[in-house]
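The values are calculated or read from the model by the stated rules, or taken from the named source; none is laboratory data. Quick caveat: nothing in here was measured; it's all calculated off a predicted structure. Every residue, glycine as well, gets a Cβ built from its backbone with ideal geometry; the counts of neighbours run over all protein chains shown. Note: accessible area is taken over every heavy atom of the protein model, side chains too, but ligands, DNA and RNA are not part of it. Shrake-Rupley method; radii C 1.70, N 1.55, O 1.52, S 1.80 Å.
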Amino acid sequence: MTASTSPSPQRGEISRDELVRWLNDFLKVGELPDPSLNGLQIQGTDTIRRVAASVDTSAQTLQAAADAGADLLIVHHGLFWGKPIALTGPHRERVRTALMADLNLYAAHIPLDAHPEVGNNAVIAQALSLQHTRPFGDWMGHKIGVAGELPRELGLQDFADRIQKLTGEICLVHGGGSPNVHRVGVVSGGGAGAVAEAAAAGLDTLLTGEPEHKFFHDSFEHGVNVIFAGHYETEVFGVRALAARIEDEFGLPWQFLNFPTGL
C-alpha cells in the first residue's frame, strides 16, 4: 500500500517532520532487523524544498549536498551503525558539515534494499525485465532480494555485458554454473554469501555487489554463476528511485550526488 500524507502548505515544499513521517511509513522503517540507525540521523532545517541523494555519507557528500542547496540528504549508508561513536576526528567533521549547513540527513539501509517499489533489488530486477519475480536473499530471517527469470536466455558474458551497461562498472564474473543465464537472483551490495541459497532455489546466476574471499569457492562448488557488479554501483538504484518518488509525491526537485568508490 502506498503511504499517504496530509497536504503540504504548497507543492514543492513540505515540513521536515511530515516528510520524515512519510518516509518512515513508506519504507516501513523498524520492521526489518538492521544494525544501522534508519530514519532521521541529523536534524536540520524545518522546511524541505530540495532533496539530494547519495549512496554513502562522507564529509564530501555532505558538503556537496550543502553546496547544491539541498535541505535533505537521503543516503543508503548513514553515519551510525548500532553503537555510539564519539564526535571526534572525521566523524565530527561530517556531523559539523551537516549542522553548519542546517542539512537534514536521512538514512535507509536494509529497508531500502528490501522495498518492493524503490528498493535496490526491485529496481535492478525491473531494469533486467525479470519475470515471475519472488522474494530471495535471506537477511536475518527476512527476504530482501529478488529472484526471477529473464525473458530469454543469455550467454553468461552477454548477461555480464548487459549488467555493465546498466551500472557502468566492469563486472567480475565467476562462471561456476551454466554457460547460459535464465534464472537470476539479485542481492545488492554485500550478497556474496547468497550462493548456497541461489543453488537451493534452482537459480543459475547470482547478481550481487562485492566479492568476499571466504565465499570464493561457493560459486564453483554449488554450480552457480556469480556476477559481482560493485557494492556501490548496485546500490545507486534505491536512493535515486526514492528521491524520484518524493518528487512525484511532493514536487520536490532532487539531485543525485555520485561519488563512486570502485568497490
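Figures for the structure shown
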{"quantity": "Failed item, numbered, when S36 is tested on (1) over 26 Å from P253 (Cβ atoms); (2) open to solvent by less than 20 Å² (accessible area, probe 1.4 Å); (3) at pLDDT 95 or above", "calculated": "(3)"}
{"quantity": "The lone exception for V123 - which of (1) surrounded by 19 or more Cβ atoms within 10 Å (Cβ to Cβ); (2) β-branched (V, I, T); (3) within 20 Å of S36 (Cα to Cα) it fails", "calculated": "(3)"}
{"quantity": "Which numbered condition N104 misses (of (1) of a type outside the set (A, V, I, L, M); (2) closer than 27 Å to P33 by Cβ; (3) modelled with pLDDT of 95 or more; (4) open to solvent by 70 Å² or more (accessible area, probe 1.4 Å))", "calculated": "(4)"}
{"quantity": "Of all residues making up the stretch 214-230, the number that are touching a helix residue (DSSP H, G or I) at 6+ places or on another chain (Cβ under 6 Å), open to solvent by 10 Å² or more (accessible area, probe 1.4 Å) and under 14 Å from G191 (Cα atoms)", "calculated": "2"}
{"quantity": "All positions within the stretch 39-83 that are β-branched (V, I, T) and surrounded by fewer than 18 Cβ atoms within 10 Å (Cβ to Cβ)", "calculated": "T45, T47"}
{"quantity": "Condition check for L156: among the aliphatic types (A, V, I, L, M), modelled with pLDDT of 95 or more and in contact with a helix residue (DSSP H, G or I) (Cβ under 9 Å, 6 or more places away or on another chain)", "calculated": "no"}
{"quantity": "Filter pass, A86 being open to solvent by 40 Å² or more (accessible area, probe 1.4 Å) and of a type outside the set (D, E)", "calculated": "yes"}
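One line per residue, one yes/no per condition, for (1) farther than 23 Å from D138 by Cα; (2) charged (D, E, K, R); (3) open to solvent by 30 Å² or more (accessible area, probe 1.4 Å):
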residue: I163; (1), (2), (3): no, no, no
residue: H174; (1), (2), (3): no, no, no
residue: V186; (1), (2), (3): no, no, no
residue: T205; (1), (2), (3): no, no, no
residue: E212; (1), (2), (3): no, yes, yes
residue: A241; (1), (2), (3): no, no, no
residue: Q255; (1), (2), (3): yes, no, yes
residue: F259; (1), (2), (3): yes, no, yes
